[in-house]
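Here is the structure we will look at, set down as structure tokens.
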Amino acid sequence: MHSDALGDIAMTVGDSKKHQDTRLIHGGSHPEEFDGAVNPPIYRVSTVVSSDVEEMRHRAKHPPGMMAYGRAGTPTHWALQEAIADLEGYKHCLALPSGLSGILISILGLCESGDHVLVADNVYGPIRLVCCDRLSNWGLEAELFDASLGEDIADLIRPNTKMIIVESPGSLTFDMTDIPAISNVAKEKRILVLADNTWATPLLIDAPALGIDISIHSGTKYIGGHSDVAIGTLCLNDDDLHHKLKWTALLFGYGLSPDDAYLALRGLRTLGVRLQRHEKNALVVAKWLQERSEVDRVMYPALPEDPGHNIWKRDFSGANGLFGFMFNASVKQVAADRFIDALSLFLRGFSWGGYESLAMSTSGESIKRPISGWEPTGPTMRLHVGLENTADLIADLEQALTSMADAVAAE
């Protein structure tokens with residue numbers, strides 16, 4: 001069964017029992033509805049016409065499987081939403097223009113003036129900025145908390161606390177949060193837990209089992225997988241909350257292009273095999289960096305030496321290609337910048353999750369943790385390890401480190 005225009009899907013018991021790899025391939029696929037086409041066609045639609053007034057009024061109610069207006073969703077969107085919801089283990093999914101928009105409509109659609117929102121201080125930078133600098137415009141109060149609190153978050157909860165926002169591992173610092181501990185406290189207080197699960201993708205954690213009420217993904221990353229699409233997804237189980245969020249998305253104009261929905265669905269089909277290769281490559285590169293004298297620490301929870309490894313091992317079934325590392329204190333920022341400039345296979349660029357390797361400096365304001373006081377020993381880097389040969393990637397890193405050292409020695 002298809003979803004309604006903004007994500008009301010129905011999962012079958014049989015589908016939910018199939019292996020994840022199989023569900024990746026067949027989720028949201030209905031060739032019988034499209035004259036046998038394996039992939040749903042792209043519905044480039046704005047206006048949808050009706051045969052009479054009665055049908056027009058019926059469409060305006062957004063019944064399941066019936067288009068009302070292009071921005072409200074098409075069969076292309078519904079196929080993607082059905083597939084994502086099935087993989088995540090939730091009843092509902094909304095496809096949106098970005099992961100950021102998913103978090104924003106969750107806050108603005110479910111919180112009211114006077115509500116209090118707790119935000120982990122390791123979340124994606126724009127989320128911190130929005131929560132700390134903009135929510136007050138709507139009469140909401142956001143408070144940052146140390147992402148390592150766990151059950152001690154109970155000390156920060158107020159009578160008007162409505163939502164807790166987490167991200168694990170954290171953006172740029174890659175520290176892990178004990179989400180089940182936070183969720184247990186939140187459940188007792190009837191507080192919603194929203195998690196940015198972009199790093200995990202729909203495959204690497206069981207979000208409902210961790211107590212996550214609303215799971216957000218920037219599908220721009222691994223779901224799309226080819227650095228050519230911007231998309232977000234939002235999944236949840238509660239029917240009433242879903243109804244509020246789908247209308248918030250519609251009224252705020254958060255409509256996803258059907259072309260982007262198509263590209264995301266196409267990318268989704270190969271997510272499993274791509275993630276395996278990303279993880280394998282990243283572990284090889286991360287372990288090589290651990291042995292370098294210039295590097296103080298590699299920030300990657302899949303490594304046994306990482307402080308968050310035990311939480312990762314308990315809650316996650318795998319890893320991906322994104323991690324960070326710290327240079328030691330002897331390396332200055334200007335030298336670290338030269339390191340990035342000397343790279344050739346690791347391209348310089350924001351975002352991640354595509355097939356290519358990327359590098360960027362994360363030092364400065366973007367990596368500061370105002371509540372926990374987290375401080376690196378030296379300049380920090382973020383690497384996305386792509387699908388290239390690891391010997392070539394390591395050779396690229398090695399020549400860049402040599403170039404960095406030569407430049408410093410020549411000064």
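The values are calculated or read from the model by the stated rules, or taken from the named source; none is laboratory data. Computed from a prediction, not measured in an experiment: that's the story for all the values here. Every residue, glycine as well, gets a Cβ built from its backbone with ideal geometry; the counts of neighbours run over all protein chains shown.
I'd like to know if the range 181-196 contains one or more residues that are buried (at least 24 other Cβ atoms within 10 Å of the Cβ) and touching a His at 6+ places or on another chain (Cβ under 9 Å).
yes
Yes or no, residue by residue, for (1) under 30 Å from Ile25 (Cα atoms); (2) acidic (Asp, Glu); (3) loosely packed, with under 15 Cβ neighbours inside 10 Å:
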position	(1), (2), (3)
His278	yes, no, no
Asn281	yes, no, no
Lys287	no, no, yes
Phe316	yes, no, no
Phe323	yes, no, no
Val331	no, no, no
Val334	no, no, yes
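Taking Pro40, is it surrounded by 13 or more Cβ atoms within 10 Å (Cβ to Cβ) and either at pLDDT below 90 or assigned to a helix (DSSP H, G or I) (or both)?
For Pro40, the condition - surrounded by 13 or more Cβ atoms within 10 Å (Cβ to Cβ) and either at pLDDT below 90 or assigned to a helix (DSSP H, G or I) (or both) - is not met.
From the set of residues in the range 213-246 that are among the acidic types (Asp, Glu) and assigned to a loop (DSSP other than H, G, I, E, B), which is surrounded by the fewest Cβ atoms within 10 Å (Cβ to Cβ)?
For the range 213-246, the residue satisfying everything is Asp228.
Show the residue pairs meeting these rules: Cβ distance below 9 Å; 6+ apart or different chains; first residue within the range 49-65 and closer than 16 Å to Trp78 by Cα; second residue acidic (Asp, Glu).
If the second residue must be acidic (Asp, Glu), the pairs left are His62/Asp4; His62/Asp8; Pro63/Asp4; Pro64/Asp4; Pro64/Asp8; Gly65/Asp4.
Quick check on my filter: what residues within the range 247-270 are aromatic (Phe, Trp, Tyr), part of a helix (DSSP H, G or I) and within 19 Å of the chain's Cα centre (by Cα)?
Once the filter is applied, which keeps residues that are aromatic (Phe, Trp, Tyr), part of a helix (DSSP H, G or I) and within 19 Å of the chain's Cα centre (by Cα), the range 247-270 yields only Tyr262.
Here's a check for you: in the range 324-349, which residue that is of a type in the set (Val, Ile, Thr) and more than 11 Å from Ala407 (Cβ to Cβ) is farthest from the chain's Cα centre (by Cα)?
Val331
Of all residues in the range 377-400 being surrounded by fewer than 21 Cβ atoms within 10 Å (Cβ to Cβ), out of contact with any Leu (no Cβ under 8 Å at 6 or more places or on another chain) and not small (Gly, Ala, Ser), which is nearest to Trp199 (Cα to Cα)?
Leu387
Considering Cys132, Cys111, Cys93, which residue is touching a strand residue (DSSP E or B) at 6+ places or on another chain (Cβ under 8 Å) and at pLDDT below 95?
Matching residue, one of Cys132, Cys111, Cys93: Cys132.
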